[in-house]
Amino acid sequence: MKPRIYIPFSPQARAAFLAPTAQAHLGRIAEPVYPDDAEAPWDDVPEDVEAVLTGWGGPTKLPQSVWRSLPNLKAIAVLGGSPMVVEDAAGAIDEGIVVISASHAIAEGVAEETIGLMLASQYELVDSACAYRRTGKLVVDGNHRNRSLAGSVIGLIGFGYVGQQVAARLRAFGPVL
C-alpha cells in the first residue's frame, strides 16, 4: 500500500509549482491527497496521511496544531529552501518528524538569479528598459559612475545553503563580503 501524502496546493498552485512529470513520479510512490477546499486547506487534513508536501506559493503556514494532530505523520517536505512555512519546524523534528526542504535542489538556480538581480540593480537595467519603452530611445542621464561589483560591499542576510552558493559565485566579481 502506498503512503498517503497531503498536498494542500490549489489546482493552480499545483500546476505552477509541481511539474506534470513530478506529479506523475509522486503518484508512482505515494497516493496524493488534495484538499476539498483550497481556501481552507488545513481544516480537513486526513488523519491517516504520512507526509505533507507544502511550500512557498502554497497555502498559509502549516500550523503546529495540524501537524501535531496527525498520528501517522512521518515527514513534512517543503518546496522551497526554508522550512519557515512550517510552524515550529524544530518542534516537529523533536517529535521525530523528518522535515526536508528543496534547498540543495534549487540553490544553484536561486544563487544565479540572485546575482542576476544584483547586476540588474547595479546597472539600473529596469529603469533603462522602462525609459527605452517610454521614449523609444536609449536614455543616457549622464551618470556614468563605475558600476562594477569589484570592491563593493555586499551583505548577505542568511547564510544557509543558498546564501553560501551566492557567496561562492560572487567571489568571482571581487566584492567585499
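If only one of V153, V98, V126 is touching a Leu at 6+ places or on another chain (Cβ under 9 Å) and either open to solvent by less than 60 Å² (accessible area, probe 1.4 Å) or of a type outside the set (D, E, K, R) (or both), which one is it?
Working: V98 fails: touching a Leu at 6+ places or on another chain (Cβ under 9 Å); V126 fails: touching a Leu at 6+ places or on another chain (Cβ under 9 Å).
After ruling out the rest, the residue left standing is V153.
What about A90, is it surrounded by 14 or more Cβ atoms within 10 Å (Cβ to Cβ) and either over 30 Å from F173 (Cα atoms) or among the β-branched types (V, I, T) (or both)?
Numbers: surrounded by 14 or more Cβ atoms within 10 Å (Cβ to Cβ): no; either over 30 Å from F173 (Cα atoms) or among the β-branched types (V, I, T) (or both): yes.
For A90, the condition - surrounded by 14 or more Cβ atoms within 10 Å (Cβ to Cβ) and either over 30 Å from F173 (Cα atoms) or among the β-branched types (V, I, T) (or both) - is not met.
Considering only segment 62-86, state which residues are in a loop (DSSP other than H, G, I, E, B) and either modelled with pLDDT of 90 or more or loosely packed, with under 15 Cβ neighbours inside 10 Å (or both).
P63, S69, L70, P71, N72, L73, K74
Search segment 17-32 for residues being open to solvent by less than 80 Å² (accessible area, probe 1.4 Å), assigned to a helix (DSSP H, G or I) and of a type in the set (A, V, I, L, M, F, W, C), and hand back the single one that is modelled with the lowest pLDDT.
Among those residues, the one meeting the criterion is A22.
Please work out if R147 is more than 24 Å from the chain's Cα centre (by Cα) and outside any helix (DSSP H, G or I). Before you say what the answer is, go through the steps one by one.
Numbers: more than 24 Å from the chain's Cα centre (by Cα): yes; outside any helix (DSSP H, G or I): yes.
In short, yes.
How many of the residues making up segment 36-61 are in a loop (DSSP other than H, G, I, E, B) and either closer than 20 Å to Q23 by Cβ or not acidic (D, E) (or both)? Don't jump to the end; show me each part of the working.
Filtering segment 36-61 down to residues in a loop (DSSP other than H, G, I, E, B) leaves 36-50, 56-61.
Okay, now just the ones that are also either closer than 20 Å to Q23 by Cβ or not acidic (D, E) (or both), so 36, 38, 40-42, 45-46, 49-50, 56-61.
Within segment 36-61, residues that are in a loop (DSSP other than H, G, I, E, B) and either closer than 20 Å to Q23 by Cβ or not acidic (D, E) (or both) number 15.
Identify, from the list I97, I106, I115, the residue that is over 28 Å from L53 (Cβ atoms) and in contact (Cβ under 8 Å) with a residue 12 or more places away in the chain. Working first, answer last.
Details: I97 fails: over 28 Å from L53 (Cβ atoms); I106 fails: over 28 Å from L53 (Cβ atoms).
Only one candidate passes the filter, namely I115.
Between a residue in segment 2-16 that is closer than 10 Å to V33 by Cα and any residue that is open to solvent by less than 80 Å² (accessible area, probe 1.4 Å) and assigned to a helix (DSSP H, G or I), which pairs come within a Cβ distance under 7 Å, given they are 6 or more apart or on different chains?
Correct list of pairs: I7/R14.
The values are calculated or read from the model by the stated rules, or taken from the named source; none is laboratory data. Predicted model only: the values in this text are computed from it and were never measured. No Cβ is skipped: glycine too gets one built from the backbone with ideal geometry, and neighbour counts run over all protein chains shown. Note: areas computed on protein heavy atoms with side chains; ligands, DNA, RNA excluded. Shrake-Rupley method; radii C 1.70, N 1.55, O 1.52, S 1.80 Å.
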